[in-house]
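Below is one structure; the comments refer to it alone.
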Amino acid sequence: MLIALADRKAKAVALHEGMRTSAHRALVLGPVLAQVWRPRPSTIHALSGVLKDCTVPQARSSEPPMRETKAGRPACLACATGPDLTDWRRVGTALGQAALSAKKKPDAVDAWVALAAARHGGAVIFTSDPDDLLAYLAVLRPHDVHVVAV
């Protein structure tokens, strides 16, 4: 999704615009940002603008996960608490059991994205690799996580 936003792809931009009205900001995990961030002015400009509407959990300079409401700012426990050993074991299990295509290798960042979505519940993952994310989600078996190809 970040690559599509950096490239200003219409579908990604429209989806991102739609997220601006949700109570919870779009979630960008730190390792995902690190995979996409490159020291090119066009990339930095595009992603810096996008990140103003997103949260990078537990990053000090990130926007808070929840937008302010008239009653104050609610908290997101999934964003406020880091992963524990059980979470990392679940990521490892997903890496070992996911039915990926023969051309793909297990990707810890994708598995962590799947688990972060599962921890949030009611999540939607926007990705250019829907099959990979669906393979990890099949192992994790969350009840209400959806994957949308971008």
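Values for this structure:
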item: Nonlocal amide H pairs with residue 147, under 5 Å, H built at 1.01 Å; result: 125
item: Shape of the chain, Cα gyration tensor, a/c cut at 1.5; result: oblate
item: Relative contact order of the chain, defined on C-alpha pairs under 8 angstrom at six or more residues apart (%); result: 19
item: Å² per residue, accessible surface of segment 8-146 at 1.4 Å; result: 61
item: Share of carbon and sulfur in the accessible heavy-atom surface of segment 3-48 [1.4 Å probe, %]; result: 63
item: Pairwise centroid distance, computed over Cα atoms, of segment 97-146 with segment 22-55, Å; result: 20
item: Nearest-10 value in Å² for the accessible area of residue 21, using the 1.4 Å probe; result: 120
item: In sequence order, calculated HN-Hα J values of segment 65-82 (Karplus, 6.51, -1.76, 1.60; Hz; x Gly/Pro); result: x, 9, 6, 5, 10, 5, 8, x, 10, x, 10, 10, 5, 5, 7, 6, 10, x
item: Where labels lie 7 Å past Cα in the beta-carbon direction, separation of residue 143 and residue 68 in nm; result: 3.4
item: Extension gain from residue 108 to residue 131, taking 0.36 nm per residue of separation minus the Cα-Cα distance; result: 6.8 nm
item: Residue-averaged [θ]222 nm for the chain, counting only DSSP H segments that reach four residues, each worth -39500 (n - 2.57); result: -14000 deg cm²/dmol
item: Where no second cysteine Cβ lies under 4.7 Å, the cysteines concerned in the chain; result: 54
item: Among 98, 26, 71, residue whose mean-square fluctuation peaks in a GNM of the chain (springs only between Cα atoms under 10 Å); result: 71
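The values are calculated or read from the model by the stated rules, or taken from the named source; none is laboratory data. Not measured: the values here are computed from a predicted model. Note that each Cβ is placed from the backbone with ideal geometry, even for glycine, and that neighbours are counted across all protein chains shown. To get the accessible areas, we keep the full protein, side chains included, count just its heavy atoms, and leave off ligands, DNA and RNA. Shrake-Rupley method; radii C 1.70, N 1.55, O 1.52, S 1.80 Å.
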